[in-house]
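Nothing in this text is a laboratory measurement; each read-out follows from the coordinates by a stated rule. It should be emphasised that the depicted structure is a prediction, and the values quoted were computed from it without experimental measurement. Cβ atoms come from the backbone with ideal geometry, glycine included; neighbour counts cover every protein chain shown.
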């Protein structure tokens, strides 16, 4: 698949669109805003950032069949990067709103049970596979994914117990944390992903 030198940044009224856009500009990566009225075509990598409620983001994705378009594009091999709720909606189910996700990855998203909730601040991530780098990243989350397939777990972190901090499966990469708010290390993670799609 040929990937153009541009990224589709999906706008589902999920919160951190501006911070991700500013980070892409710092990395000199051009992007266009994509939504149901300006849908991605599949010849550009997709980034779906999100902050807020699982159910609200899913409702926005379902408008005009945008959720099915995303499912089809990802199934067709379009590179996808999810951030925060953009990772969570990949799974079958979200406890936060008791609604189904996109069902692209097997598993569910459950509430953190211990510590101050939400988890807000810096936490260390450790790679579970590949050539991932350990480092500190910025989290804002009350819920975490529980993938059914352990091989999909890319990074873990510990917050009163180990949890899945990132997933990777074929053309899908997704972070529970915010790489765009995680300084040089976060930008390096983004750049590594962009490099896999010939962007950086």
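Summarised in one figure, the compactness ratio Rg/Rh of the range 48-109, Cα atoms and Kirkwood Rh, is 0.93.
Mind running the shape call on the range 1-111? Use the C-alpha gyration tensor, a ≥ b ≥ c as the square roots of the eigenvalues: rounded below 1.5 for a/c, prolate if a/b tops b/c, oblate otherwise. Judged from the Cα gyration tensor, the range 1-111 comes out prolate (a/c at least 1.5, a/b above b/c). Think of it as helices only: each DSSP H run of n ≥ 4 in the chain is worth -39500 (n - 2.57), and spread over all residues that comes to -6500 deg cm²/dmol at 222 nm. Panel order for 122, 93, by other beta carbons found within 10 Å of each beta carbon, from fewest to most: 122, 93.
Taking other Cβ atoms within 10 Å as a rough exposure proxy, 133, 87 sort from fewest to most as 133, 87. Short-range pairs are left out: with C-alpha atoms under 8 Å and at least six residues apart, the relative contact order of the range 7-196 is 18 percent.
Based on C-alpha pairs under 8 angstrom that are at least 6 apart in sequence, the range 92-187 has a relative contact order of 23 percent.
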